[in-house]
Structures are given as C-alpha cells and as structure tokens.
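The structure under discussion appears below in the form of structure tokens.
The values are calculated or read from the model by the stated rules, or taken from the named source; none is laboratory data. Please read all numbers here as calculations on a predicted model, not as lab measurements. Positions of Cβ are generated from backbone atoms using ideal geometry, with glycine treated the same way; all protein chains shown enter the neighbour counts.
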Amino acid sequence: MVDCDSAMLGRRAVLPLATASVLVALMWIRRRRRRVFVLDNIVRRCILNASPYTFPPRFDHSSVSSPVLLDANENSHGAPLDESALSRLGLERYPDPRQIQLKAKLSALRGCEPSQIFLGVGSDEVIDLLIRVVCRPGKDAVLVCSPTYAMYGIFARVNDVQVVDVPLSEGTFQLRVDAILQALTSRVKLIFLCSPGNPTGRLLNREDIKAVAEAATGALVVVDEAYIDFSVPQTGGCEVSCVDLVTSGHFSNVVISQTLSKAWGLAGARLGFAIASSQLVSYVDKLKAPFNVSSLTEHVASQAIDKAASVLQSVTTIVAERKRVAQELRGRAYAHAVFRVFPSDANFVLVLVEGAREICESLANRGVIVRYRGSMTHCRECIRVTIGTASENDRFLESLLDIIGSPTEAM
Ligand SMILES: Cc1ncc(COP(=O)(O)O)c(C=O)c1O
C-alpha cells in the first residue's frame, strides 16, 4: 500500500518533471528552428522586392533556328577582330587594374584625358558604380525620365535607392525641364538622361541637358550616350555628344556614359566607360573590383578602336538602312497597320502599330525577334526594332507585311 503522503509527493515530483521536459522540448524545437537557414531572413528587403530586368525576347525563343535578332540594338555586322592574337594575351596573368592602354585609346578617341575615364563591365556596371558612389541606401533617390532604359531603376532599387520619375514629353520625347527642376530635392543625387533615348531613339536637346546640369547643384547628371555613334556617324556623334561639357570643365557634375556594345559590335565583350571629372573617377576607382575588365575584353576593345574606320563604315550602313526601313514602314503598303514611325538618332526605330503584342509574337513565330515596348510610358502599342543588316531588315519588313496583309485585304 502506498501511503497518502508519498503518493502526493510522487505526483508533486512528476508534475515539475513533466513541465521541465515540455520546456526542454520547446527549447529544443526553438533551437532547431533557429538552426534552419532561411535565406529570405537575411536577404535585404530591397532585393526581395525588386523586379528583375526582362531579358530580350530572343532568350524565350531559343528553339527558333537561325533567328533574325532585332531585339537588343546590337550591330549585326560585328567587330573587326584578329583572332590569331588571342593566344598571345597571357591569360594566366591578371589584367592591368589601371587599364592604362585602353584608357589612352579611349581618351584619344573621345577627346578627353585618360584620368577622366573609368571603365565598367558594360555601361551597366558604370550605372551601378555611380549609384553606389553617391546614393545612401534607404535615404537618397535617382531621377529618371521615362520611357527610358530600365537598368537605372533596377540598379537604384537593388541598392535601396528610390526612383523619382519625371516622364519625357509625350510624342516629342524631350525633357520637361521645369518639371525636373521642381522634382529636385536634396535626396536626388543622380539624374539619368538618356540621349539618344532607349526606347525613344531621340537625342535630347542639348540646351535642356545644360539647363538641368546647371540647376542640379546637389546631383550628378549622367548623360547615357550608348547610341551616340549612330547620331552623326561621320564623327562618332561628336557634334551632338555632351562629352565637351565635361572636358571644358564647365560642368563638374556631368558624367557621360558610353559603351562598345552598340555601334562597336562588342556587346558580348562587355565594355562600357564613363567620362567624368578626374576627382569623381578617383572615387569610383575605390569602389570598383580591381580587375573588372578582363584581358580578353581589353584586347578586343583595343582592336576595334584601332579599326575605327571599319566600325564607322558599318555604322554608316546601319544609318542608311534606318532611313530605308523607316521610309518603307511609312509607305502605303504598311499604312493600315503602322500608324507612326518615330524619328530615330539611334540604331533602332520605335514603331506604333496596331496590335503591337500580337505582332511581336507573330514575328517571333516567323523567326524575327523584335521588342514589345507597349507597356512603357507614352509607348502604347509600340514595338522597338533594331536595324540589322540589309537582309535582316528585309526579313523583318517582309514578315511584317505577311502578318498585317495588304491594304485591300484589311478593308
Ligand atoms: C541606353 C542604354 N544604356 C546602357 C545600356 C547597357 O549597355 P552595356 O551593354 O554597355 O551594358 C543599354 C543596353 O541596351 C542601353 O540601351
């Protein structure tokens, strides 16, 4: 028989024991839970929330054999390269982190000092570096003028930097200077102006750029001239480029961004560069990865610059083709479906068509890849078509005609 006292004692002892084991189990579960790695717990919120860049549609049509690629504004003629030199590059060694030879060539090409140049892995890296040099995450902002190149906004957001949008004027795609000046707060540290614009194809008025640069005493003004070589091909766009605003020393807040991805036919090599005050270049140098530009890239870029005359020739051909394609599209055969072909200073045309999205799909089904831009500001029902070689452009024109039918059929 168990006496009453010892039974009570036993129960009293069992209860705390049960509570203790529940506590231990809870702690064990909590500790286990803590030990499980949840990536989203440590990734910055601005990265979690960011929408990624939408790749050119060619990557969604990889099953199409020998497609005509008119969706990324490259130079289909390619760059003049001497492949035999690749074996002499010494790829077992790191490249020159100061990129002295390439900067010398670029500075001679663009009429600035080597100390006024910094290089990037495409001008995409130039954009990212500039944001990181001047914008404080969670505090500052960049100003863009839509419709414009998406990467300004994407790099801003992943750096936890806000985006202030002051759209271009509708139809003419020019800066609304007064609206920009009104939007300039002390938080805006960078203003991105794209000239010629993407997807607009239009050069911005130089006087407007100067007015913004003059007023923006608290911000850098980045003039993205990725397509400048197509504006006045004879001179590499010299008359219309804003490089002189930097080299004259009058605008120490202006930065010009250019690239070898477009006219120079080297999109795959990834070389972009900026022309800015030597002081700003010295700050960017602190931030960039020391060997960001590979020997391979340096080599092919340098070769292309040595053969600038040949590049100029392909650019001149593209500009002549731009005129031909625009004229054809404005002709009677297309008039029932092509409502507007915007003037272009770049290697692509923005075209207002009936049923833009369906036309892009139908073209892709025929192996011609162009870019739908209808969801961008002021670009409803627009497609952007890169000017390729004469035969690529013919394929585009013929396929489009095939899709829209002849004017009589449309009636
Ligand atoms: C206006 C503009 N800037 C910059 C870039 C990026 O060029 P890169 O290939 O030099 O990174 C592009 C690419 O399409 C562009 O359209």
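At-a-glance table
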{"quantity": "Single residue of 201, 218, 171 found to be in a loop (DSSP other than H, G, I, E, B) and either on the phi < 0 side of the Ramachandran plot or in contact with a Gly (Cβ under 8 Å, 6 or more places away or on another chain) (or both)", "calculated": "218"}
{"quantity": "All helices (runs of 4 or more DSSP H) inside the range 351-411 with 3 or more residues being modelled with pLDDT under 95, of a type in the set (Asp, Glu) and crowded, with 18+ Cβ neighbours inside 10 Å", "calculated": "none"}
{"quantity": "Complete set of residues in the range 50-75 that are within 15 Å of the ligand (Cβ to nearest atom) and part of a loop (DSSP other than H, G, I, E, B)", "calculated": "53, 54, 55, 56, 70, 71, 72, 73, 74, 75"}
{"quantity": "Positions within the range 144-162 being away from the ligand (no atom under 16 Å from the Cβ) and at negative phi, in sequence order", "calculated": "157, 159, 161, 162"}
{"quantity": "The range 220-233 residues that are over 13 Å from residue 148 (Cβ atoms), paired with ones that are among the small types (Gly, Ala, Ser) and near the ligand (Cβ under 10 Å from one of its atoms) (beta carbon under 8 Å, 6 or more apart)", "calculated": "225/195; 225/257; 228/195; 230/346; 231/346"}
{"quantity": "Residue among 86, 102 that is outside the structural domain of residue 219 (by TED's automatic domain parsing) and out of contact with any Cys (no Cβ under 8 Å at 6 or more places or on another chain)", "calculated": "86"}
{"quantity": "Residue satisfying condition, being under 22 Å from residue 116 (Cβ atoms) and either within 16 Å of the ligand (Cβ to nearest atom) or under 24 Å from the mean Cα position of the chain (by Cα) (or both), within set 312, 350, 245", "calculated": "245"}
{"quantity": "Flag if residue 257 is touching a residue at least 12 places away in the same chain (Cβ under 8 Å), within 15 Å of the ligand (Cβ to nearest atom), part of a strand (DSSP E or B) and not hydrophobic (A, V, I, L, M, F, W, C)", "calculated": "yes"}
{"quantity": "Total residues in the range 93-129, condition over 22 Å from the mean Cα position of the chain (by Cα), among the hydroxyl-bearing types (Ser, Thr, Tyr) and buried (at least 18 other Cβ atoms within 10 Å of the Cβ)", "calculated": "1"}
{"quantity": "Qualifying residue in the range 130-142 (condition: surrounded by fewer than 22 Cβ atoms within 10 Å (Cβ to Cβ), within 15 Å of the chain's Cα centre (by Cα) and within 16 Å of the ligand (Cβ to nearest atom))", "calculated": "no"}
{"quantity": "Test: residue 98 is in a loop (DSSP other than H, G, I, E, B) and at pLDDT 85 or above", "calculated": "yes"}
{"quantity": "Candidate set from the range 195-234 (those that are among the hydroxyl-bearing types (Ser, Thr, Tyr) and closer than 23 Å to residue 342 by Cβ); member that is nearest to the ligand (Cβ to nearest atom)", "calculated": "227"}
{"quantity": "Any pair with Cβ under 8 angstrom, 6 or more apart, that starts in the range 138-154 at a residue that is in the same structural domain as residue 171 (by TED's automatic domain parsing) and ends at one that is among the hydroxyl-bearing types (Ser, Thr, Tyr) and not in a loop (DSSP other than H, G, I, E, B)", "calculated": "142/152; 144/152"}
{"quantity": "Flag for residue 148 being loosely packed, with under 14 Cβ neighbours inside 10 Å and assigned to a loop (DSSP other than H, G, I, E, B)", "calculated": "no"}
{"quantity": "Scan of the range 112-129 for residues that are at negative phi and within 16 Å of the ligand (Cβ to nearest atom), ordered by number", "calculated": "117, 118, 119, 120, 121, 123, 124, 125, 126, 127, 128, 129"}
{"quantity": "Output for the range 42-58, where each listed residue is surrounded by fewer than 17 Cβ atoms within 10 Å (Cβ to Cβ), over 25 Å from residue 322 (Cα atoms) and either under 17 Å from the mean Cα position of the chain (by Cα) or in the same structural domain as residue 386 (by TED's automatic domain parsing) (or both)", "calculated": "51, 52, 53, 54"}
{"quantity": "Subset of the range 261-283 [buried (at least 23 other Cβ atoms within 10 Å of the Cβ) and over 17 Å from the mean Cα position of the chain (by Cα)]", "calculated": "275, 276"}
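Per-residue answers, yes or no, for (1) part of a helix (DSSP H, G or I); (2) within 16 Å of the ligand (Cβ to nearest atom):
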| position | (1), (2) |
| --- | --- |
| 250 | no, no |
| 261 | no, yes |
| 267 | no, yes |
| 280 | yes, no |
| 285 | yes, no |
| 290 | no, no |
| 301 | yes, yes |
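For (1) at positive phi; (2) touching a Lys or Arg at 6+ places or on another chain (Cβ under 6 Å); (3) assigned by TED's automatic domain parsing to the domain that holds residue 230; (4) of a type in the set (D, E, K, R), each residue gets a yes or a no:
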{"residue": "322", "(1), (2), (3), (4)": "no, no, no, yes"}
{"residue": "343", "(1), (2), (3), (4)": "no, no, no, no"}
{"residue": "378", "(1), (2), (3), (4)": "yes, no, no, no"}
{"residue": "394", "(1), (2), (3), (4)": "no, no, no, yes"}
{"residue": "406", "(1), (2), (3), (4)": "no, no, no, no"}
